1. Since Ser2 meets every condition but one in (1) in contact with a Lys or Arg (Cβ under 9 Å, 6 or more places away or on another chain); (2) surrounded by 13 or more Cβ atoms within 10 Å (Cβ to Cβ), which condition does it not meet?
2. Only one of (1) touching a helix residue (DSSP H, G or I) at 6+ places or on another chain (Cβ under 8 Å); (2) of a type in the set (S, T, N, Q); (3) surrounded by 13 or more Cβ atoms within 10 Å (Cβ to Cβ); (4) farther than 22 Å from Pro7 by Cα is not met by Gln52, so which one is it?
3. Counting only residues that are assigned to a helix (DSSP H, G or I) and either in contact with an Asp or Glu (Cβ under 6 Å, 6 or more places away or on another chain) or of a type in the set (Phe, Trp, Tyr) (or both), how many does the stretch 8-42 have?
4. Kindly list, by first and then second residue, each pair from a residue in the stretch 95-114 that is touching a residue at least 24 places away in the same chain (Cβ under 8 Å) to a residue that is assigned to a loop (DSSP other than H, G, I, E, B), limited to pairs with Cβ atoms under 8 Å and residues at least 6 apart or on different chains.
5. Tell me which residues, restricted to the stretch 64-94, are among the charged types (D, E, K, R) and modelled with pLDDT under 95.
6. Condition first: touching a residue at least 12 places away in the same chain (Cβ under 8 Å) and under 25 Å from Pro7 (Cβ atoms). Can you find one or more residues in the stretch 25-32 that meet it?
7. Consider Ser79 carefully, then state whether it is more than 19 Å from Phe112 (Cα to Cα), within 13 Å of the chain's Cα centre (by Cα) and small (Gly, Ala, Ser).
8. If you take the residues in the stretch 18-40 that are within 20 Å of Leu113 (Cα to Cα) and among the hydrophobic types (A, V, I, L, M, F, W, C), which one is surrounded by the most Cβ atoms within 10 Å (Cβ to Cβ)?
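The values are calculated or read from the model by the stated rules, or taken from the named source; none is laboratory data. Small disclaimer: the values here were computed from a predicted structure and weren't measured. Glycine gets a Cβ as well: all are built from the backbone with ideal geometry, and neighbour counts include every protein chain shown.
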Amino acid sequence: MSVLKNPFFILSCVLFWVNQYLEKVRQIFIPFVHSYLDDLLLMPVALGITLQIYRWIHPAKEKFAFTKVQIAVAVIYFSILFEGLLPLWSDLYTRDLLDVVFYSIGAVLFYFLINNRRTVRA
């Protein structure tokens with residue numbers, strides 16, 4: 001199945017867009033949602049888009065799926081970038097280790113609901 005047709009991927013994108021609209025346009029901030037929803041949705045959205053682009057570039061690998069190690073590397077990469085480096089460079093970013101927990105939960109959701117390893121050829 002195309003990542004772009006996956007209901008969980010679509011839900012993740014819609015939730016992200018709605019949250020951003022409420023925060024940026026309507027100035028509505030729900031504290032817990034404001035702090036952690038984007039972190040939870042980061043992995044399903046970013047890895048979902050990356051997976052779909054990979055499948056477009058390599059059509060012979062239409063059933064390609066990321067390994068657990070590749071997903072873990074993505075979590076580590078985003079954690080270092082957003083929780084380690086960006087807070088050093090800008091006061092706009094705040095270091096919050098709970099964000100890493102939500103990146104990890106999002107990665108697990110991506111693995112089981114979008115990555116779809118059952119359709120991968122041996």
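1. Tallying (1) in contact with a Lys or Arg (Cβ under 9 Å, 6 or more places away or on another chain); (2) surrounded by 13 or more Cβ atoms within 10 Å (Cβ to Cβ), Ser2 fails exactly one: (2).
2. Failing condition for Gln52: (4).
3. Quick first cut of the stretch 8-42, residues assigned to a helix (DSSP H, G or I) only: 8-24, 31-42.
If we keep only those that are either in contact with an Asp or Glu (Cβ under 6 Å, 6 or more places away or on another chain) or of a type in the set (Phe, Trp, Tyr) (or both) as well, we get 8-9, 16-17, 21, 32, 36, 39.
Residues flagged as assigned to a helix (DSSP H, G or I) and either in contact with an Asp or Glu (Cβ under 6 Å, 6 or more places away or on another chain) or of a type in the set (Phe, Trp, Tyr) (or both) within the stretch 8-42 amount to 8.
4. Tyr111/Phe66; Leu113/Asn6; Ile114/Asn6
5. Step one: list which residues in the stretch 64-94 are among the charged types (D, E, K, R), which gives 68, 83, 91.
Correct list: Asp91 only.
6. No, the conditions are met nowhere in the stretch 25-32.
7. Numbers: more than 19 Å from Phe112 (Cα to Cα): yes; within 13 Å of the chain's Cα centre (by Cα): yes; small (Gly, Ala, Ser): yes.
Taking the combined requirement at face value, the residue satisfies it.
8. Here the residue is Leu40.
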